[in-house]
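The values are calculated or read from the model by the stated rules, or taken from the named source; none is laboratory data. Quick caveat: nothing in here was measured; it's all calculated off a predicted structure. Counting neighbours? That spans all protein chains shown, and the Cβs are built from the backbone with ideal geometry, glycine included.
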Amino acid sequence: MTERGRSVWAEAGRRIVQNRMALLGAVMLAVIALACLLGPVVLDLDPHLTRPELRNRPPSADAWFGTDTLGRDLFARVLVGGRASLLVGIVATLVSVVVGVAVGMVAGFYGGKTDEILMRLVDFLYGLPYMFLVILVMLLFSETARGEMFPVFVALGLVQWLTMARIVRGQVLALRRREFVLAAELLGASDARVLFRHVLPNIAGVVIVYATLMVPSVIILESFLSFLGLGVALSWGQLVSEGVAVVNPVHSYWWLLFWPSLFLGLTLLSLNFLGDGLRDALDPKARE
């Protein structure tokens, strides 16, 4: 990497460190992720263990977050459910980034009929109801596959790439006639080399920022699918759905709704803080 490349990323790192809200978001996200990843293992928690004699108990020393209608420890279920929600958000975003960057780079670099065909496909998919596409893809899987993560990865990943493709295409169109790209082509570099060595590094900042901001929307969408009974078998969205079902004016088991909603809200807030910090740090106008 050139000295200029190192200085750009070093300057971006310095700006992120100076951004308190971005640091707060990164710390919050790290704490929640480590708790969800290591907590059930270290504390030997079983989210599926039922104890009917302890059903619907409020938070206490024995059950920190209380228990649900089957006597299951809500603390264990929130942490294990967090694994699923975070994993779905990250993996589905990665799928969207790969597809969107590939389509956007090809469309912007080659232009002409290739650009026309790919962008008309994007426009057509944009014209369809977004949630309808997700639910349709989910329903294509058999009943035995529902509740697993793979159908959710496919459903969310295949519809989240549209905006990424448009953003990348616009960036590539702006770079297509820049001097360093034309010089690489005149020196005999292949299209693949030009794209991956010269174009992709220059749009990496935009891709990273948008991907960071995409993760919260994917998590929210997965939570909505879980609320409808089409998401992952155990996630924050599914726990929120269970909490809503039992909270009523007669018996308010508030903890069943409060804890998963709190973890979901804090995660989305921290991702937005981090995404905003990355956007400010990698913004060329801010660097100027």
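General remarks:
- Residue that is at pLDDT 80 or above, under 29 Å from Gly82 (Cβ atoms) and over 16 Å from the mean Cα position of the chain (by Cα), where the choices are Ala192, Ala204, Ala184, Ala211: Ala204
- Gly112 vs. criteria surrounded by 19 or more Cβ atoms within 10 Å (Cβ to Cβ) and either at pLDDT 85 or above or closer than 27 Å to Ser241 by Cα (or both): no
- Val172 being modelled with pLDDT of 85 or more, of a type outside the set (D, E, K, R) and buried (at least 18 other Cβ atoms within 10 Å of the Cβ): yes
- The range 154-166: number of residues that are buried (at least 18 other Cβ atoms within 10 Å of the Cβ) and either closer than 9 Å to Gly100 by Cβ or basic (Lys, Arg) (or both): 6
- Test: residue in the range 13-25 that is in contact with a Lys or Arg (Cβ under 6 Å, 6 or more places away or on another chain), in a loop (DSSP other than H, G, I, E, B) and over 29 Å from Phe153 (Cβ atoms): no
- Qualifying residue in the range 47-61 (condition: part of a helix (DSSP H, G or I), touching a residue at least 24 places away in the same chain (Cβ under 8 Å) and not small (Gly, Ala, Ser)): no
- Within the option set Val244, Val232, Val250, Val240, being outside any loop (DSSP other than H, G, I, E, B) and at pLDDT below 85 holds for one residue only, Val244.
- Residue among Leu158, Leu182, Leu128 that alone is farther than 30 Å from Gly229 by Cβ and of a type in the set (A, V, I, L, M): Leu182
- Residues satisfying the stated conditions in the range 197-239, i.e. aliphatic (A, V, I, L, M), within 30 Å of Ala76 (Cβ to Cβ), crowded, with 17+ Cβ neighbours inside 10 Å and out of contact with any Gly (no Cβ under 6 Å at 6 or more places or on another chain): Met214, Leu221, Leu230, Val232
- Within the option set Asp123, Asp68, being surrounded by 18 or more Cβ atoms within 10 Å (Cβ to Cβ) and of a type in the set (Asp, Glu) holds for one residue only, Asp68.
- Flag set for Leu74, criterion: in contact with a strand residue (DSSP E or B) (Cβ under 8 Å, 6 or more places away or on another chain) and on the phi < 0 side of the Ramachandran plot.
- Test: residue in the range 98-115 that is more than 30 Å from Val137 (Cα to Cα), of a type in the set (Lys, Arg) and without any contact (Cβ under 8 Å) to a residue 40 or more places away in the chain: no
- Of the residues making up the range 68-96, those that are modelled with pLDDT under 90 and of a type in the set (Val, Ile, Thr) are Thr69, Val88, Ile90, Val91, Thr93, Val95.
- Scan of the range 12-45 for residues that are within 25 Å of Leu234 (Cβ to Cβ) and in contact with an Asp or Glu (Cβ under 7 Å, 6 or more places away or on another chain), ordered by number: Leu45
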